Amino acid sequence: TAWKTERRFFDAETEAMYRDVQAKLPGYEVSFTSTNKAEDKFIVAATSDRTPGKRYLYDRATRELVLLADVKPWLPEAELAPMLPIEYTSRDGLVIHGYLTLPKGVAAQGLPVVVNVHGGPWARDAWGFNPEVQFLANRGYAVLQVNFRGSTGYGRKFWEASFREWGRKMQDDVTDGVQWLIAQ
């Protein structure tokens, strides 16, 4: 889907190593965070929207992946809420992306909602573990995060659409997100 990050690699060996680890950790975003000088052993971070993750030691030669640590073992991943990518069209026709986190085990109707707007504007919300969002969802709130015009990562046109629009069309993007959520 459009929400998947396209991966590009400098060489086939790196791609094979990444694909091997990704296959061993399905459903997680994996990143190689450190290596030894020989570049044959790596620290791998595995994260998701429901966990700050675990850290593993990966041996390139043996392809062995060994768990080193669970970052926050007291937060059971199965009890945390998934972050869902959303998309809607603003009143002036610009496509806006964001995320919706719904509390687990509660019908998605009539929920109180917290609109959690990122700073910036040249910043963005991204898919991944967010302790504030999980705290709110765990207490029964739906959490809406909107990457309004000017948010980073959407290209120059999207950035330029924010020029002279602070408190105007940028705010409309957030309001339109709330209206989209109400309609859902």
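Alpha carbon centre of region 66-118 versus region 11-36: separation in Å? Between the Cα centre of region 66-118 and that of region 11-36, the gap is 25 Å.
With a sphere of radius 13 Å drawn around the Cβ of Y58, what net charge do the other residues whose Cβ falls strictly inside it have (Lys, Arg +1; Asp, Glu -1)?
Details: positive: R19, K24, K41, K54, R55, R60, R63; negative: D20, E39, D40, D59, E64.
With Lys, Arg at +1 and Asp, Glu at -1, the neighbours total +2.
Apply 1/(1 + (r/R0)^6) to the Cβ-Cβ distance of K157 and V115, taking R0 = 30 Å, and write down the FRET efficiency to the nearest 0.05. Efficiency computed from Cβ-Cβ geometry: 0.75.
Applied to region 169-184, the Karplus parametrisation 6.51 cos²θ - 1.76 cosθ + 1.60 on θ = phi - 60° returns per-residue 3J(HN,Hα) values of 5, 5, 5, 4, 4, 5, 4, 5, x, 5, 5, 4, 5, 4, 5, 6 Hz, with x for Gly and Pro. Taking V146, V133, V30 in turn, the Gaussian network model of the chain (Cα-Cα springs below 10 Å) assigns the largest fluctuation to V30.
Calculate the translational D of region 120-184 in whole µm² s⁻¹ from Stokes-Einstein, where the hydrodynamic radius comes from the Kirkwood formula applied to all Cα pairs, the temperature is 25 °C and the viscosity 0.890 mPa s. Intermediate values should be presented prior to the final figure.
Values: Rh = 13.0 Å.
Value of D from the Cα-based Kirkwood radius: 188 µm²/s.
Taking a point 7 Å out from the Cα of K72 in the direction of its Cβ, the residues of region 98-138 whose backbone N falls within less than 13 Å of it are 128-138. By definition, a body whose alpha carbon gyration tensor gives a ≥ b ≥ c is oblate when a/c is 1.5 or more and a/b is not larger than b/c, and the chain fits this oblate description. Computed over protein heavy atoms with a 1.4 Å probe, the accessible surface of the chain works out to 61 Å² per residue.
Of the residues A78, A108, A61, the one that moves most in a GNM of the chain with alpha-carbon contacts below 10 Å is A61. If you keep only loop residues by DSSP, which chymotrypsin sites (Phe, Trp or Tyr not before Pro) in region 146-183 have at most 10 other Cβ atoms within 10 Å of their Cβ? Filter output for region 146-183: F163.
Is region 23-112 rounded, prolate or oblate when judged by the Cα gyration tensor, a ≥ b ≥ c being the square roots of its eigenvalues, rounded requiring a/c under 1.5 and prolate requiring a/b larger than b/c? Could the numbers behind the result be given before it?
On the way: a/c = 3.83, a/b = 1.90, b/c = 2.02.
Since a/c reaches 1.5 but b/c is at least a/b, the shape of region 23-112 is classed as oblate.
Please give the residues of region 152-172, grouped as numeric ranges, whose backbone N is less than 20 Å from a label point set 7 Å along the Cα-to-Cβ vector of R91. 161-172, by backbone N distance to the label point. Computed over protein heavy atoms with a 1.4 Å probe, the carbon and sulfur contribution to the accessible area of region 25-143 reaches 55%. Amide hydrogen proximity for V115: with H placed 1.01 Å from N in the peptide plane, the residues at 5 or more positions away or on another chain lying under 5 Å are L144.
The values are calculated or read from the model by the stated rules, or taken from the named source; none is laboratory data. Bear in mind the structure is a predicted one, so any value in this text is a computation, not a measurement. Note: ideal-geometry Cβ built from the backbone for every residue, glycine included; neighbour counts use all protein chains shown. These area figures cover heavy atoms from the full protein model, side chains too; ligands, DNA and RNA do not enter into them. Shrake-Rupley method; radii C 1.70, N 1.55, O 1.52, S 1.80 Å.
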